[in-house]
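> Questions regarding the structure given below will be posed in turn.
Each reported figure results from applying straightforward, stated rules to the coordinates on display, with no laboratory input. A quick note: this is a predicted structure, and the numbers were derived from the prediction, not measured. Here the Cβ positions follow ideal geometry from the backbone for every residue, glycine too, while neighbour counts run over all protein chains shown.
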Amino acid sequence: MKIVVAIKQVPARDSLLKVDPSGTWIETEDLSWEINEPDAYALEAGLQLRESAGGEVVVLCAGPDRATQTIREALAKGADRAIHIGHGESSADPLALARDMANALESEKPDVVLTGLQSDDLGYGQTGVILAEVLGYAHATLVMSMETSGEGIRVKRELEDGWFQYVEMPLPALLTIQSGAAKLRYATLMGIKKARSKEIKRVEPAASSTPATVAIERIYLPQKTKRSQIFEGTPQEAAAQLVDKLRFEARVL
């Protein structure tokens, strides 16, 4: 079974973010980078599926040259090889990104494609399902676990209020993996050594005249304001009004 896991390199969660002079993205010069956390769970799911069903895990990553560091991390955890789509900084257009990924996978013909639920930087949660549509694959979201079933695959999806759904799907299929679905593994010293010799195939994004469907016009810090409000009435009435505000406006109760 050929399993492709799409990963993304994002700023580390403890990074101090600053808006760049253009006002349309963040300054990237002094940031530290890491694998997108939801994609780390997709990688773990892919490795577990390979362990149970056999085959290989291929990592797919679109990003600038620095993304090679994140790709090596995925290879050190156990992925067999990687495809690196040479891209600029984070693309704000999930459709264009999905098309580039589909072109890179044209010769691979994967049985299963796994992605994280969403990215930590943009958080659209769209690239996976759009990629499934471009590829023409069956797809499911919020997947907690999976196992092969005859000629297809059986997945467990998380629904609301503690409910789950079990779905039988044909192959090939694309699944977006829910964060926290499994315990993440660490790269071993042997895995880090082996990663140095594993193949990273570099491909360029396909030239397209299709105009961008999504663009970021402005990024800015939230405005901070101070406001005081005095509650009239008896202490009991004032307390009831305060609880109302905390529950329905501040949403902290």
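> Add +1 for every Lys or Arg and -1 for every Asp or Glu among the other residues with Cβ under 13 Å from the Cβ of Y41, and state the total.
Details: positive: K8, K77, K183, R185; negative: E37, D39, E44, D120, E158.
Within the 13 Å Cβ shell, the charges total -1.
> Cut-off 10 angstrom, C-alpha nodes, Gaussian network model of the chain. Which of D93, D14, D120 fluctuates the most?
D14
> Which whole-angstrom value gives the distance between the alpha carbon centres of the stretch 182-198 and the stretch 117-174?
Between the Cα centres of the stretch 182-198 and the stretch 117-174 lies a distance of 26 Å.
> Okay, next question. For Rg and Dmax of the Cα atoms in Å, several values are listed as (1) 19.4, 60; (2) 17.1, 51; (3) 21.7, 74; flag the one computed from this structure.
Matching entry in (1) 19.4, 60; (2) 17.1, 51; (3) 21.7, 74: (3).
> Among DSSP beta bridges whose residues both lie in the chain, state the antiparallel percentage, nearest 5.
On the way: 17 of 45 bridges.
Roughly 40 percent of the DSSP beta bridges within the chain come out antiparallel.
> Okay, helix-only estimate at 222 nm for the chain: each DSSP H run of n ≥ 4 adds -39500 (n - 2.57), divide by all residues, round to 500 deg cm²/dmol; what do you get?
Values: 6 runs with 69 residues, N = 253.
Per the formula, -8500 deg cm²/dmol.
> So for the pair A250, E133, with labels modelled 7 Å out along Cα→Cβ, what separation do we get in nm?
Output for this residue pair reads 4.1 nm.
> Specify the angular offset, from 0 to 90 degrees and rounded to the nearest 10, of the alpha carbon long axis of helix 94-104 from the longest principal axis of the alpha carbons in the chain.
Value to nearest ten degrees: 10.
> Anyone know which of Q229, Q48, Q118 comes out most mobile in the 10 Å Cα GNM of the chain?
Looking only at Q229, Q48, Q118, the biggest GNM fluctuation is shown by Q229.
> Next up: Using a Gaussian network for the chain with springs between C-alpha atoms less than 10 Å apart, which of these wobbles most: E44, E73, E27?
Fluctuation is largest for E27.
> Once both axes come from the Cα atoms, what is the angle between helix 235-248 and the longest principal axis of the chain, in degrees from 0 to 90, rounded to 10?
The two axes meet at around 20 degrees.
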